[in-house]
Each structure stands twice: as C-alpha cells, then as structure tokens.
1. Which lysines does Lys49 reach when only Cα atoms under 30 Å apart count, and residues fewer than 8 places away in its own chain are ignored?
2. Under a point spin-label approximation (7 Å from Cα along Cα-to-Cβ), what is the Ser104-Arg125 distance to one decimal in nm?
3. Along the positive direction of the dipole of the chain (beta-carbon charges: Lys, Arg +1; Asp, Glu -1; about the Cα centre), which of Gln150, Ala78, Gly30 reaches farthest?
4. Rounded to a whole number, what % of the accessible area of the chain do carbon and sulfur atoms account for, probe 1.4 Å?
5. If you work out mean projected area of the Cα convex hull in nm² from the coordinates, which of [x] 11.3; [y] 14.7; [z] 9.4 do you get?
6. So how strong a dipole does the chain carry about its Cα centre when Lys and Arg Cβ are +1 and Asp and Glu Cβ are -1, to the nearest 20 debye?
7. Determine the gain in length on full extension of the stretch Ala37-Arg91; use 0.36 nm per residue of separation and subtract their C-alpha separation, reporting nm with one decimal.
8. Relative contact order for the chain using alpha-carbon pairs under 8 Å, separation at least 6, rounded to a whole percent?
Amino acid sequence: AEKALRELAALQAEDGHWGESNPVAATAVGGLAILAANPKALENDALRKAVRWLLEKRGRVKWEAGDRQSMTVTNAWATLLILEVLVAVDRTASSAFDEEALKSVAEKAVDTLLKCQSPTGYWERDLSLSERAHDIEPTGLALLALYLAQRAGLDVPEPVFRRAWKGL
C-alpha cells in the first residue's frame, strides 16, 4: 500500500488535483484511496492538498464536470471524500483540516444531491432524463454520500431514502 500511495502522490498535480477529463471525481477517488490505505491518512500531504483543491473548486464550479451528464456522479464522489474526511476529523479530533469549512461545503454538497433526486427516486447522469431513465451508479453514489452525511450529523430527510428504495 505504501508504494501505491507514493505512486499516487507522484501523479498528483501541484495544486492538489488528479486527472484531466474529470479532475473533481479523480481527485475525490484519489483521496478516498488514501483514506482507505493509510491509517494515518489525515497526516498525508497528498490528501490535504486534494481536499484543499476540492474545497476551492466547490466555490468556483460547484463540482460540475463541464457537462451536466456527469454532475451528479462528480458531486457524489466529491461529497463522499469531504464527508469521509469530516467524519475522520470528528472521530480523531485532528486539526489538520478546517472542520467548519468541511462541514459548510458538505452541507452545500448534500443539498445539491438532494435537489438532483428525480421524482422516481433515482439520481441520473443526464438530469434531463429524470422521468425516463434510471441509472444505478449515480443513485448508488448519492445514497452512499447521503448515508455518510447522516453519520456526519447532517440532516437528510428520510423520504429521500424511501423514494430511492421504492425506485430501486
């Protein structure tokens, strides 16, 4: 795992992101890999840079990937990382991250996910198809993020989960 973490860090851009076609999702996945593989992840420079980059991006582009088709998936990946870090910071009382900034961004990201749920209960890649298509990937990612949001102490209304499970 240590070798993989070193290689991952070597691929990270100076500003903290990974990837070119969808750097928000790639950065979130990279950060989640660090969290999963490193028991001292909150002390990891690459994770701190990735989270800082995501927090800065959130204010400028709302984690949208450049096309509406991947907005829900991108938002869910980024929300997962921010919430995982928030839960870890809360659990360990780590001062490596600004807990208030994490919580503020997490609340906005969760609100975005809630607004993207279709009336049928799903989350869609292409938000214009919400009445006609069902896509399990954005739905699964959104549900994971929303369950984690509850673990982090954020408010997620129960009807959101009931609609999703009914749609599945």
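The values are calculated or read from the model by the stated rules, or taken from the named source; none is laboratory data. Fair warning: this is a prediction, and the values are worked out from it, not measured in the lab. Here the Cβ is made from the backbone with ideal geometry for all residues, glycine too, and neighbour counts use every protein chain on show. We work out accessible area using only protein heavy atoms, side chains counted, and drop any ligands, DNA or RNA first. Shrake-Rupley method; radii C 1.70, N 1.55, O 1.52, S 1.80 Å.
1. Qualifying lysines at Cα under 30 Å: Lys3, Lys40, Lys57, Lys62, Lys103, Lys108, Lys115.
2. 3.5
3. Gln150
4. The computed percentage sits at 51.
5. It is the one labelled [z].
6. Numbers: 21 positive and 24 negative charges, 51 e Å.
With Lys and Arg at +1 and Asp and Glu at -1, about 240 debye.
7. On the way: separation 54, 0.36 × 54 = 19.44 nm, distance 1.76 nm.
Difference between extended and current length: 17.7 nm.
8. Numbers: 222 pairs, mean separation 32.6, N = 168.
Contact order relative to length: 19 percent.
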